[in-house]
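Since the structure comes first, as structure tokens, the remarks are kept for the end.
The values are calculated or read from the model by the stated rules, or taken from the named source; none is laboratory data. Computed from a prediction, not measured in an experiment: that's the story for all the values here. Here the Cβ positions follow ideal geometry from the backbone for every residue, glycine too, while neighbour counts run over all protein chains shown.
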């Protein structure tokens, strides 16, 4: 039975009562995270049971060696949350050893069997699941790299505790944000004198007698596109931000630039969409660099995200074609089918695309709804009954809202909480048949306050290798199956 999940207060209480040696191990390191930040410190803590820091000191040291043996390539994979989450802990070492920079000797030493001294994959799984490594970067950010936490960006109770250790007096300053987003002090301005209509006519600019210029005839610009894309360049030889088509035929001929006071320039347009002064300023090399600097960060982040996605997809494809992975999946399906035969059911294969749980539920329940629509209904139900499910939320996420936002994405894996919500929505009991030896079946029932006479028939789905759901259907053989 899993112990109650930790929070920062529980870790601090244990730390104050037993001291640092009975809470964590710390060491310096030199690791580059996927964001480009350099990690300078690493802390190893038990994931849930803090007493392991004292009772299993040898295991704590082995977990520290495993964390220090992690290479830059492996940290990149862990930070994406795809490699481990896709194939499970069993293939962790096989996948990691493909990295050219990983220290295989240190990994084998850390995960060696106590008696034989050879590498033990089960000990590797035990260390990765029981202990967590928290990295501290040169910029002061703290990232938890445990396989259960990487999907939420590494923000956990462990990272909060370590962040308090490395910050001054245990407090982290709260950023105030950029200057332009801070509230500005209101300035008192005197009331303006009212002007008569005659004075307004006298001060008004003279009427424009200039004939309207013909619209640009550049063949590169689609007809009518400027009303939807006002930033299109009016001329292929000029930059869009200097001379664009959307404001070419505005009601007035004033310059489109902003003056130093933040208001619109009152000069007339003479060079494209600007007056001469602002046109010369916009065309200068300095302004061009400033304009590109505003979007440079967006390009860099987009490139980094695309690179991580490509690496994750490549790893997923290679593992999907792995012969060993296929053999394990085949064994799991044989076990599942033997258990389904007793229920007079057959297994229905579903795609492993992140929505397998919702696809399996809709097929097994025989409801005319696609997986994404059903997922949306489940998440909406969880959102409307937050007080009922909040205590069951996986602590991988910093808040219940963050959990719901993540679960609303098509690629997010369903869990026990979504199964419970689906049972409440469908008013049908859900049976989960597993290939696990210790827990063959699990049941998720509608609210107990609702009479069982209202419940519909049972829904049965399969759970293979602890990470994939498949549907079922009656096989038509034998007597009527039990509900």
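Tabulated data for the structure shown
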{"read-out": "Boolean, residue 418 is touching a strand residue (DSSP E or B) at 6+ places or on another chain (Cβ under 6 Å) and in contact (Cβ under 8 Å) with a residue 40 or more places away in the chain", "value": "no"}
{"read-out": "Residue satisfying condition, being surrounded by 14 or more Cβ atoms within 10 Å (Cβ to Cβ) and in a loop (DSSP other than H, G, I, E, B), within set 442, 428, 409", "value": "428"}
{"read-out": "Hits in the range 3-39 - residues which are assigned to a strand (DSSP E or B) and not assigned by TED's automatic domain parsing to the domain that holds residue 144", "value": "none"}
{"read-out": "Qualifying residue in the range 18-35 (condition: over 29 Å from residue 7 (Cβ atoms), within 26 Å of the chain's Cα centre (by Cα) and either buried (at least 16 other Cβ atoms within 10 Å of the Cβ) or modelled with pLDDT under 85 (or both))", "value": "yes"}
{"read-out": "Residues of the range 449-465 classified as touching a residue at least 40 places away in the same chain (Cβ under 8 Å) and exposed (fewer than 12 other Cβ atoms within 10 Å of the Cβ), total", "value": "0"}
{"read-out": "Residue 75 vs. criteria assigned to a strand (DSSP E or B) and modelled with pLDDT under 85", "value": "no"}
{"read-out": "Residue 49 vs. criteria in a strand (DSSP E or B), on the phi < 0 side of the Ramachandran plot and at pLDDT 85 or above", "value": "no"}
{"read-out": "Helices (runs of 4 or more DSSP H) wholly inside the range 297-403 that include at least 2 residues being at pLDDT 65 or above", "value": "323-341, 356-365, 371-384"}
{"read-out": "Conditions (1) in contact with a strand residue (DSSP E or B) (Cβ under 8 Å, 6 or more places away or on another chain); (2) modelled with pLDDT under 85; number of the one not met by residue 429", "value": "(2)"}
